[in-house]
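Beneath this line is the structure, given in structure tokens, with notes to follow.
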Amino acid sequence: MGRYLEAKCRLCRREKMKLFLKGIRCATEKCSFGKRPTPPGTHTRMSSKSSYYCLQLREKQKVKRMYGMLEGQFKRFFKVASKSRGVTGRTLIQLLERRLDNVIYRAIFASSRSQARQFVCHGFAFIGEKRVDIPSYVIKGGDVIEIRANENIKALIRENIKIDSKERSVSSWIEADTENLKIKILRMPERDDLAAPVNEQLIVELYSK
């Protein structure tokens with residue numbers, strides 16, 4: 001199970017937008033992107049017109065990094081979306097949003113997707129009576145996710161809810177029970193539910209070459 005271990009703020013700078021990879025810190029004055037928004041590297045100040053391929057690549061990289069995935073993981077999700085019925089781009093977005101770690105993040109139980117990933121990997125997430133410790137597990141409509149952990153972890157989650165609720169809200173396609181730390185899936189997520197602008201068609205065109 002691979003994951004990115006380098007400096008996360010460099011990813012935001014490279015994509016020229018905040019990806020909120022470090023939780024609430026990204027909304028404060030400590031955010032590195034706010035201090036230095038230019039892409040990393042020695043020739044980043046040189047202006048050049050981006051090719052269409054570059055736009056496609058950057059969109060794919062942005063979405064991949066937003067959800068904390070490596071290339072192989074992201075490509076597998078795309079293959080599943082391309083083989084499913086319906087519009088590939090729309091299905092891809094739904095699959096990414098329905099990842100278990102993302103659902104916990106969207107419910108504001110975690111300050112970032114990486115923290116949500118830790119909760120899952122440590123076995124705190126249950127769907128029904130089944131423990132699920134795979135962050136990429138794709139939830140289904142009607143599923144109820146419950147966080148079962150010790151009091152220290154529960155206190156951390158409630159602190160996340162208290163602080164993060166000032167900056168973002170629970171996604172409309174899920175229902176969060178902050179008292180019992182349960183999440184219910186009300187419907188499938190749609191493109192309009194995304195907090196960051198995403199042009200999924202560019203990703204489809206890139207992988208379709």
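Residues in the stretch 146-183 that are under 17 Å from the mean Cα position of the chain (by Cα), surrounded by 16 or more Cβ atoms within 10 Å (Cβ to Cβ) and part of a loop (DSSP other than H, G, I, E, B): Val170, Ser171, Trp173.
If you go through the stretch 101-143 and keep only what is over 19 Å from Phe77 (Cα atoms), among the acidic types (Asp, Glu) and without any contact (Cβ under 8 Å) to a residue 24 or more places away in the chain, you end up with just Glu129.
Once the stretch 84-135 is narrowed to residues that are part of a loop (DSSP other than H, G, I, E, B) and either touching a Pro at 6+ places or on another chain (Cβ under 6 Å) or small (Gly, Ala, Ser) (or both), the residue that is farthest from Val63 (Cα to Cα) is Gly128.
Inside the stretch 184-204, can you point out the residues that are assigned to a helix (DSSP H, G or I) and either at pLDDT 95 or above or not charged (D, E, K, R) (or both)? Walk me through it before giving the result.
Let us first name the residues in the stretch 184-204 that are assigned to a helix (DSSP H, G or I), namely 191-193, 200-204.
The answer is Gln201, Leu202, Ile203, Val204.
The values are calculated or read from the model by the stated rules, or taken from the named source; none is laboratory data. Owing to the predicted nature of the structure, the values given are computational and were not obtained by experimental measurement. Counting neighbours? That spans all protein chains shown, and the Cβs are built from the backbone with ideal geometry, glycine included.
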